[in-house]
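The values are calculated or read from the model by the stated rules, or taken from the named source; none is laboratory data. Note that the structure is a prediction, hence the values are computed from the model and not measured. Quick reminder, even Gly has a Cβ in these numbers, built from the backbone with ideal geometry, and neighbours come from all protein chains shown.
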């Protein structure tokens, strides 16, 4: 946790209140902060501040903003990922948010187990968004969309996301050309499920405007591929 | 698992034997392969083959090599990481191996909890190396070294690893210059613990030949930083 992210309602009065047990414990037990110490506070979807601890009781910490700080810019990227299994999903959401993905879209695909759409984690995405923002020092939650049907997404939604200066890149192990590097424009990147997209899916995305590239001759796990690819594209 | 990695002793006769329960189950239950089907087999630290299933019983699968395949090249990088907590360690080892790190060094640092050195995972590193190789389709296990004392490592070992055409880059959130990108030479990269290296440690590494760079204004988790950084450097 590199900032403590508060809801706007907790940051309205002169003193702001940290009362989430997870955040309270991190500050008291892990960081061992006291009255007079400073820490970084974010107000969700608003701004980020350096703040000073003014009062502590057994459940709450009162802080006062000292100075506004710069929020890290988002990457100009929409990340489309085939829904991974629940454990991976949590880390994927956290990492994508930490890395600054502007918009995250989870889609179905032939090799996505249908049971993954029933995971309770999908109801708790916002919690993992918060953890990702707190790690990065960011306050702006990216938009997250879910599409449980592959074909309508690829045929109706994806083409609208593609423009000349905003291409869509599909990372596919068996493509012939290597993924671009160090680009200076926005893009959509698409990453398949464990086992990859099936040929029909790759063809459908290609026919709907995607450019298909490989990421080298090592096959990466979904989460590893996301951070590796973002490092490569937006270095 | 994108290849099934066998020990050299399982690949000596005309028919090779897959008998590890984890591998057997993956092939039978997950991939649902049968006699006559082909799969990728690696012989550890030797070579990789396309092979055909010749016989299956309740515990073993016999395969015969059909054709040798190319092994993905390693990245010319030594990765030095402050020992993370055990859960992260497993994924870090797996991912580093999958991404093709040539040598992995785990070191102590002020913010590494001393209990981390007692984790049983440190006795099982080879298992996570195997999983990383099987994910990548690689057969060559990287060298792994452990240094439980920071200062002797930085003063005695690290300088020997640095040459003009083989610099050492320390990723540090508060550095002034951004990490290089798309390099065409070997290097050592150093990544700190959760909470970062302390200023004394950063200075000691600098004084022993490290170049200190930031990775942007988002603070990444150790594992995310590793794949992001490798994507950035070796795109």
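Of all the residues in the range A:86-133, those that are within 14 Å of chain B (Cβ to nearest Cβ), within 11 Å of the chain's Cα centre (by Cα) and part of a helix (DSSP H, G or I) number 14.
Of all residues assigned to the range A:225-234, at least one qualifies as being at pLDDT below 95, within 17 Å of residue A:76 (Cα to Cα) and assigned to a loop (DSSP other than H, G, I, E, B). Of all the listed residues (A:18, A:105), the sole one being assigned by TED's automatic domain parsing to the domain that holds residue A:143 and more than 25 Å from residue B:111 (Cα to Cα) is A:105. Number of residues in the range B:93-119 that are crowded, with 17+ Cβ neighbours inside 10 Å and under 17 Å from residue B:195 (Cα atoms): the value is 6. Is it fair to say residue A:118 is touching a residue at least 12 places away in the same chain (Cβ under 8 Å), out of contact with any helix residue (DSSP H, G or I) (no Cβ under 6 Å at 6 or more places or on another chain) and either more than 16 Å from residue A:136 (Cβ to Cβ) or in the same structural domain as residue A:46 (by TED's automatic domain parsing) (or both)? Against the criterion (touching a residue at least 12 places away in the same chain (Cβ under 8 Å), out of contact with any helix residue (DSSP H, G or I) (no Cβ under 6 Å at 6 or more places or on another chain) and either more than 16 Å from residue A:136 (Cβ to Cβ) or in the same structural domain as residue A:46 (by TED's automatic domain parsing) (or both)), residue A:118 does not qualify. The residues of the range A:33-83 that are more than 14 Å from every other protein chain (Cβ to nearest Cβ) and either modelled with pLDDT under 95 or not in a strand (DSSP E or B) (or both), listed by number, are A:34, A:35, A:36, A:37, A:44, A:45, A:46, A:57, A:58, A:59, A:60, A:83.
How many residues, within the range A:185-211, are within 14 Å of chain B (Cβ to nearest Cβ) and over 20 Å from the mean Cα position of the chain (by Cα)?
2
Among the residues of the range B:212-222, those identified as more than 8 Å from chain A (Cβ to nearest Cβ) and either within 15 Å of the chain's Cα centre (by Cα) or part of a loop (DSSP other than H, G, I, E, B) (or both) are B:215, B:222. Screening A:66, A:80 for residues that are in contact with a strand residue (DSSP E or B) (Cβ under 6 Å, 6 or more places away or on another chain) and in contact (Cβ under 8 Å) with a residue 60 or more places away in the chain leaves exactly one candidate, A:80. Would you be able to tell me the number of residues in the range B:134-154 that are under 19 Å from residue B:77 (Cβ atoms) and more than 14 Å from every other protein chain (Cβ to nearest Cβ)? Of the residues in that region, 8 qualify.
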